Every structure is written in C-alpha cells, then in structure tokens.
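Written out below as structure tokens is the structure these notes cover.
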Amino acid sequence: MRPLEGIVVLEFCQFLAGPSAGLKLADLGARVIKIERPVKGEACRQLSIKDLFVDESSLLFHTINRNKDSFAADLKNPDDLELVKRLITKADVMTHNFRPGVMDKIGLAFADAIAINPKIIYGVVSGYGDEGPWAKKPGQDLLVQSLSGLTWLSGRDSQGPVPFGLSTADIMCGNHLTQGILAALLKRAKTNKGVLVEVSLIESILDVQFEAITSYLNDGGKLQKRGDVAGSAHAFLSAPYGVYKTQDGYLSLAMGDLMYIGELLGVDLKAYSEKHLWFEKRDEIRTLLCDRLIQKTTDHWLQILQEKGIWCGKVLNYQELDAIDFGMPMKQVIENSEHKTITTTRSPIQLDGQILTSRKAAPKVGEHNVDIQKEFIR
C-alpha cells in the first residue's frame with residue numbers, strides 16, 4: 001500500500017509547477033484528477049519539446065501528467081461548475097495556478113472551497129504571491145530565473161548571465177507545493193480542518209539559492225564573481241572545483257586537498273600552498289590543471305585519482321548515462337489507452353524497499369468523466 005492511497009486530489013493546474021506536484025502525489029498513491037477544459041484540455045498538451053507528440057498531446061504533457069485521470073469541465077458553464085463543486089465535497093486536496101483573482105470570479109477561491117468542504121487542503125501556485133505590485137505579472141520560469149539572480153551563478157564571468165537549462169523555478173516550486181500539501185495533510189489529521197497552502201516561483205527559486213544569497217547578505221553585499229576559465233562550476237568555491245577537458249572527454253573535480261591533487265597529477269602548485277589563494281588565484285590554478293589534464297584520457301586520470309580517494313568523475317551525456325547500470329532501474333515504460341508506450345523517468349523515492357512505478361500514461365481529455373461521475377457524483 002502506498003502512503004497516499006485513498007487521498008483524492010483535484011488538479012486545476014497547467015504547464016509544469018502545479019502538475020509536477022500532482023505527479024509526485026500520484027506516485028505516492030493519491031488519486032489525482034485533472035480538471036480540464038473540454039476538447040482542448042490543459043494548455044500544456046500543445047506545448048512541445050523538440051516537436052514531439054504522443055496521440056494528440058505533447059510528450060512534455062505526458063512526462064508531467066502520467067498516472068492521473070482527466071475530468072473535462074467548462075468552469076464557466078453552471079452545470080459543469082456544479083459537478084466540479086460536488087467533486088470538491090469528496091476531495092482531500094485541490095490545487096490551481098491561475099492568476100490572482102481568477103478563482104474568485106469562478107467561485108472556487110479558498111473561502112468558497114472551504115465552505116463546500118471544510119476539510120479541503122487548498123494548494124495555490126503563483127508567480128510572485130497573491131498581493132502586491134508583482135502579483136499579476138507573468139510567472140514564467142525563464143523570467144523568474146532572470147529576476148532572481150540565478151543566471152549569474154553558472155558559466156564563466158565573461159559570458160554574462162547564463163540561464164539554467166531546465167525549468168528550475170517550476171520544478172522546485174512543484175517540490176515545495178508537494179511538501180506543503182503533505183504537511184497540510186498532517187495538520188488536518190490533528191485539527192480536522194482544511195488548510196491553505198501557498199507557494200510562488202520567486203520564493204522557490206530564492207530558496208534554491210539559500211547558500212549563495214546568505215553569503216551575499218553576510219559579506220557586505222558583495223556580488224559573487226564567477227571564474228573565467230573553461231569548466232568553472234561554482235561562483236563560491238575555490239580551485240580545483242570544476243570541469244576539465246581531457247584527451248578524449250571531460251573530467252569533473254570536486255572539493256579536495258589541492259596540494260595532494262597537484263602531486264598526483266604531476267602539477268607544481270607549491271606557489272598556492274596557502275588556502276586563501278585557492279580562491280583568490282583559482283583561475284590561475286585551473287589553467288595549470290587544464291594544461292595537464294588535456295594530455296591524457298579521462299580513464300587515465302580517474303584511475304590515478306580515484307585510487308587515492310579524490311572526488312572526481314566522468315562528464316557524461318544522456319547516451320553514455322543510459323548505458324550505465326546503477327544496480328536499480330532508472331526508467332519506466334508507461335502506456336496510454338491506445339496501447340502506445342513511452343519510456344520516461346520514475347519516482348526517485350523508495351518505500352520499504354519498493355520502487356514506485358506505474359504503467360499509466362497521461363489521460364486523454366475527459367477520458368474518465370463517466371467513471372468519475374459514477375464513483376463520486378452519481
């Protein structure tokens with residue numbers, strides 16, 4: 001039995017942050033029902049990565065919405081809205097990421113929902129909170145990354161801002177929404193009352209940067225300076241931390257005793273024996289390491305360094321990663337109602353030794369309307 005079996009979640013969310021939280025709850029056993037507009041469904045069904053589609057929906061939609069049901073309803077239609085309200089009476093959780101004020105107009109704001117179901121957990125995702133001058137600005141991942149300072153942490157100093165190559169704000173916000181909902185379920189178990197859970201993209205992306213921002217706030221407001229040698233990996237860490245080109249690939253070096261690493265690699269670093277120089281002169285040091293590491297293969301250096309306990313590793317692409325056996329399955333195959341299969345990732349959580357997988361792909365729009373009405377509304 002999975003821990004959230006019996007928990008019913010109504011998901012009024014679209015795109016990534018809210019639906020990714022629903023995905024995690026579904027993996028933990030919750031019954032997640034997407035409330036979608038009829039025919040076209042959630043907007044993410046047409047937002048594709050590399051123009052990849054499965055049936056009428058994008059592969060992106062399938063990655064975020066596996067293991068869910070779909071209930072099609074026009075929230076502007078009084079009859080459909082009444083059906084949704086009746087679903088709310090049977091639900092444990094409902095989530096949405098509409099702009100502030102939208103659910104108030106529909107009549108499904110927190111106050112409305114708690115009047116329908118006094119025990120409802122009500123989760124809200126916003127870009128910048130529910131009030132204030134930023135409340136109605138578009139909460140989009142790249143915009144939030146750019147606003148938050150995150151883009152000044154990656155890449156080299158001479159490159160300018162470098163956005164992260166994933167929807168970092170969305171993903172972390174979905175994680176925080178999941179954490180909030182799980183905490184709210186525990187609180188409800190103690191109080192027998194509903195709970196409002198609110199998260200925002202800006203708060204989530206700032207939380208991700210807690211180390212960097214805390215350093216800034218406690219170091220006289222000095223801006224971080226990234227290294228300017230190829231492979232610089234962290235604006236706040238000293239040499240040798242970074243990624244280095246070898247004769248046939250790339251090698252990552254984490255924290256370690258720089259003098260010992262230099263000795264193992266045959267690089268004279270005696271001029272940098274004082275630890276404060278490992279940061280102050282890190283570009284000089286990395287240049288010396290680059291000049292040495294390019295002379296031999298990655299495997300050659302790994303054999304030397306790993307035998308001595310140095311934290312290092314190969315830098316792989318997805319093709320190389322896919323060939324590695326970690327001793328546990330890292331992928332799963334899901335199947336839609338037309339028996340089309342998709343290979344995707346799985347939940348990273350194991351419970352009592354059980355890996356959490358599911359064969360169920362994302363639903364078609366309204367695929368479960370009849371079953372849901374029979375089960376919950378009648």
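Assign unit charges at the C-beta atoms only (+1 for Lys and Arg, -1 for Asp and Glu), then state the dipole size of the stretch 242-322 relative to its Cα centre in Debye, rounded to the nearest 20. Can you show the working numbers first?
Values: 10 positive and 13 negative charges, 25 e Å.
Magnitude of the dipole: close to 120 debye.
Stretched out fully, how many nm does the piece from residue 179 to residue 223 gain, at 0.36 nm a residue minus the Cα gap? Mind dumping the intermediate values first?
Values: separation 44, 0.36 × 44 = 15.84 nm, distance 3.14 nm.
Gain in length upon complete extension: 12.7 nm.
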Exercise. Report the extension gain between residue 316 and residue 267 in nm, rounded to one decimal, defined as 0.36 nm multiplied by the number of residues separating them, less their alpha carbon distance.
Key: 15.1 nm
Practice problem: Find the lysine pairs in the stretch 242-322 meeting two conditions, Cα atoms under 22 Å apart and a separation of 8 or more places or different chains, and report how many there are. | Solution: 9
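Let me know the shape class of the chain, please: from the alpha-carbon gyration tensor, a ≥ b ≥ c as square roots of the eigenvalues, rounded when a/c is under 1.5, otherwise prolate if a/b is greater than b/c, or oblate.
Numbers: a/c = 2.55, a/b = 1.90, b/c = 1.34.
Taking the square roots of the gyration eigenvalues as a ≥ b ≥ c, the chain is prolate.
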Quiz prompt | Sequence-distant aspartates and glutamates (8 or more away, or on other chains) whose Cα lies within less than 12 Å of residue 360 | solution = 27, 69, 335, 338
Quiz prompt | Inter-centroid distance (Cα atoms) of the stretch 234-283 relative to the stretch 75-135, Å | solution = 53
Quiz item: Check residue 66: other-chain or 5+ apart residues with amide H under 5 Å from its amide H, H built from backbone geometry?
Solution: 362
Quiz item: Leaving out same-chain residues fewer than 8 places away, which aspartates and glutamates sit with a Cα under 12 Å from that of residue 40?
Solution: 56, 74
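Say R0 is 25 Å: what FRET efficiency, to the nearest 0.05, do residue 370 and residue 105 get from their beta-carbon distance?
Numbers: r = 29 Å, r/R0 = 1.16.
The pair residue 370/residue 105 has a calculated efficiency of 0.30.
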Quiz prompt | Too-long pairs where the Cα-Cα distance tops 18 Å, listed order kept, from 68/136; 68/187; 90/374 | solution = 68/136; 68/187
Self-check item: Within the stretch 262-303: Cβ-based charge dipole about Cα centre, in debye rounded to nearest 20 (Lys, Arg +1; Asp, Glu -1)
Solution: 40
Quiz item: If the cut-off is a Cα-Cα distance under 17 Å, which aspartates and glutamates reach residue 225, setting aside same-chain residues fewer than 8 apart in sequence?
Solution: 157, 211, 280, 283, 284
Quiz prompt | Two-site label geometry, residue 333 and residue 156: point separation in nm, points 7 Å out along Cα→Cβ | solution = 4.5
Quiz prompt | Mean Cβ neighbour count within 10 Å, used as a protection proxy, ranking 110-119, 130-139 highest first | solution = 110-119, 130-139
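With a Förster radius of 30 Å, plug the Cβ-Cβ distance of residue 115 and residue 53 into 1/(1 + (r/R0)^6) and report the FRET value to the nearest 0.05. List each step's numbers first, then the result.
Details: r = 41 Å, r/R0 = 1.36.
Efficiency, rounded to the nearest 0.05: 0.15.
Here, each number is a calculation from the coordinates, and none is a lab measurement. Note that the structure is predicted; figures quoted are calculated from it, not measured. No Cβ is skipped: glycine too gets one built from the backbone with ideal geometry, and neighbour counts run over all protein chains shown.
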